[in-house]
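Values in this text are rule-based calculations from the coordinates and carry no lab data. Please read these numbers as outputs of a predicted model, since none were measured by experiment. With ideal geometry, Cβ positions are generated from the backbone for all residues, glycine too; neighbour counts draw on all protein chains shown.
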Amino acid sequence: MKVYLVPKGIILVGKAWEVREKLKAYSKQHSTLKQLIEHQEKSERNNLNK
């Protein structure tokens, strides 16, 4: 399972069941994809600053 963050969204690559499981996990933390993307971008920026 691979997750890519791109400027216009996210790309999930994997088997169908893996993608569904990842989306379920994300939906427990974030109610919208916009919130997920913002969280991912924030995490990336924090990792770059370390």
- If you line up the long axis of helix 33-49 against the longest principal axis of the chain, both from Cα atoms, how many degrees apart are they, to the nearest 10? 40 degrees
- Using only helices, what value at 222 nm comes out for the chain when you add -39,500 (n - 2.57) per DSSP H run of length 4 or more and divide by the total residues, to the nearest 500 deg cm²/dmol? -20500 deg cm²/dmol
- Note on the structure: Relative contact order of the chain (C-alpha contacts under 8 Å, at least 6 apart) in percent is 29 percent
- Taking only Cα atoms, what is the 0 to 90° angle, nearest 10, from helix 16-29's long axis to the longest principal axis of the chain? 50 degrees
- Working out 0.36 nm times the residue gap between Trp17 and Thr32, then minus their Cα-Cα distance, what length gain in nm do you get to one decimal? 3.4 nm
- In whole Å, largest first, what are the principal axis extents of the Cα atoms in the chain? 34, 21, 20
- Item | Charged-residue dipole, Cβ positions (Lys, Arg, Asp, Glu), the chain about Cα centre, Debye nearest 20 | 60 debye
- Taking the highest mean first, how do the peptides 15-25, 33-43 order by number of other beta carbon atoms within 10 angstrom per residue? 33-43, 15-25
